[in-house]
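In what follows, a structure is listed as structure tokens, so that the remarks can point back to it.
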Amino acid sequence: MAISPPTHLFGTVFSVERNTPTKDSSGSPADSWAAHLSNLKGRFQPMSGSEAIRYGRESTRNMWRVFTAPGVDIQAKDRVVFTDKTSGVTTSRTLDVQETKNAQLAGVVLRLICQETQ
């Protein structure tokens, strides 16, 4: 008997974008993000944040843990886009997928580790 993913815990709808390398008008490499998957459901948990000054620019890096159903074609280097409705403020967020794992979850849940840079 197969174990079903806990979809009742997946309360956030999100989409996935995939990078298609292209060239800009001058022939230089450029990133082009295209819709890959939509209307997926998952659970989003903020992990930690850090502040840094790199290359003369201050930035904030937030890490997120995302859980969704297994078997979904999400890869490291994809982007996850969702609307965060926590803390009374609605914010559109884009997270870069750093890692995907089914390990130790018996194939019941796909876990993503994502980074948001602001």
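The values are calculated or read from the model by the stated rules, or taken from the named source; none is laboratory data. Computed from a prediction, not measured in an experiment: that's the story for all the values here. Using ideal geometry, Cβ is built from the backbone for each residue, glycine included, and neighbour counts are taken over all protein chains shown.
Here are a few things to note about the model shown:
- Members of the stretch 73-90 found to be surrounded by fewer than 16 Cβ atoms within 10 Å (Cβ to Cβ), in contact with a strand residue (DSSP E or B) (Cβ under 6 Å, 6 or more places away or on another chain) and at pLDDT 90 or above, listed by number: 76, 81, 83
- When residues of the stretch 10-22 are limited to those that are free of Cβ contacts under 8 Å to residues at least 24 places away in the same chain and β-branched (Val, Ile, Thr), the one farthest from residue 108 (Cα to Cα): 22
- Whenever a residue of the stretch 23-42 is within 11 Å of residue 72 (Cβ to Cβ), its partners that are modelled with pLDDT under 95 and among the acidic types (Asp, Glu), lying with C-beta atoms within less than 9 angstrom and at least six residues away or across chains, give the pairs 36/73; 37/73.
- When residues of the stretch 94-105 are limited to those that are modelled with pLDDT under 90 and more than 12 Å from residue 69 (Cα to Cα), the one surrounded by the most Cβ atoms within 10 Å (Cβ to Cβ): 103
- Contact map, the stretch 62-88: residues that are part of a strand (DSSP E or B) paired with residues that are of a type in the set (Asp, Glu), Cβ distance under 9 Å, separation 6+ or inter-chain. Pairs shown: 62/116; 63/116; 64/116; 79/17; 79/96; 80/17; 80/96; 81/17.
- Residues that are loosely packed, with under 10 Cβ neighbours inside 10 Å and modelled with pLDDT of 85 or more do occur in the stretch 34-43, at least one of them.
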